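One structure is given here, and the rest of the page talks about it.
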Amino acid sequence: MITYTENVSGLKTETRDGYGAVVLAVSYYVYGTEGGVSSSRTVLVELGEPNEETFISLGDLSKADVLAWVDDATKESLKQQIEEEINNKATDVKFADLPWNANAE
């Protein structure tokens, strides 16, 4: 079973009248590992304009708030890509050294 870790690696902000610093985009990172094989993906998630009713000032944001802004479809898509890569790495064919190269000078 693949173990996933998600994180926020950055925020793109801009100052807006009436709001102060507004988050315009989130750099979202997912890391997956299984049996010593790992893979990761990072994506920039563009956000819409701030909503006056749900706005959270930059200084009051938590990691959980920001992770909630990344939609489930994006998260699942990245996890599926990671799963495919891990499965491919786990089944990679290992080639033996060529015997005639072992004695090459």
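Miscellaneous remarks
- Subset of segment 65-87 that is among the aliphatic types (A, V, I, L, M) and without any contact (Cβ under 8 Å) to a residue 40 or more places away in the chain - its residue that is nearest to E34 (Cα to Cα): A73
- Pair list, Cβ < 7 Å and 6+ apart or interchain, from segment 90-105 residues that are within 26 Å of G32 (Cα to Cα) to residues that are aliphatic (A, V, I, L, M) and modelled with pLDDT of 70 or more: A90/V37
- For segment 5-26, filtering for residues that are closer than 20 Å to L67 by Cβ and either surrounded by fewer than 15 Cβ atoms within 10 Å (Cβ to Cβ) or in contact with an Asp or Glu (Cβ under 7 Å, 6 or more places away or on another chain) (or both) leaves 10.
Table: residues versus (1) within 19 Å of the chain's Cα centre (by Cα); (2) surrounded by 10 or more Cβ atoms within 10 Å (Cβ to Cβ); (3) within 19 Å of G20 (Cα to Cα).
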site	(1), (2), (3)
T54	no, no, yes
S62	yes, no, yes
L67	yes, yes, no
A73	yes, no, no
E76	yes, yes, no
Q81	yes, yes, no
E85	yes, yes, no
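- Filtered residues of segment 70-96 (kept if closer than 19 Å to K12 by Cβ, assigned to a loop (DSSP other than H, G, I, E, B) and aliphatic (A, V, I, L, M)): V70
- Only a single criterion out of (1) modelled with pLDDT of 95 or more; (2) not in a helix (DSSP H, G or I) is not satisfied by L67, namely (2).
- Positions within segment 28-51 being in contact (Cβ under 8 Å) with a residue 12 or more places away in the chain, surrounded by fewer than 15 Cβ atoms within 10 Å (Cβ to Cβ) and of a type outside the set (V, I, T), in sequence order: G35, L44, E46
- Selection from segment 54-85 of residues that are of a type outside the set (V, I, T), touching a Ser or Thr at 6+ places or on another chain (Cβ under 9 Å) and closer than 15 Å to T5 by Cα: L78, Q81, E83
The values are calculated or read from the model by the stated rules, or taken from the named source; none is laboratory data. Bear in mind the structure is a predicted one, so any value in this text is a computation, not a measurement. Virtual Cβ from ideal backbone geometry, glycine too; neighbours counted across all protein chains shown.
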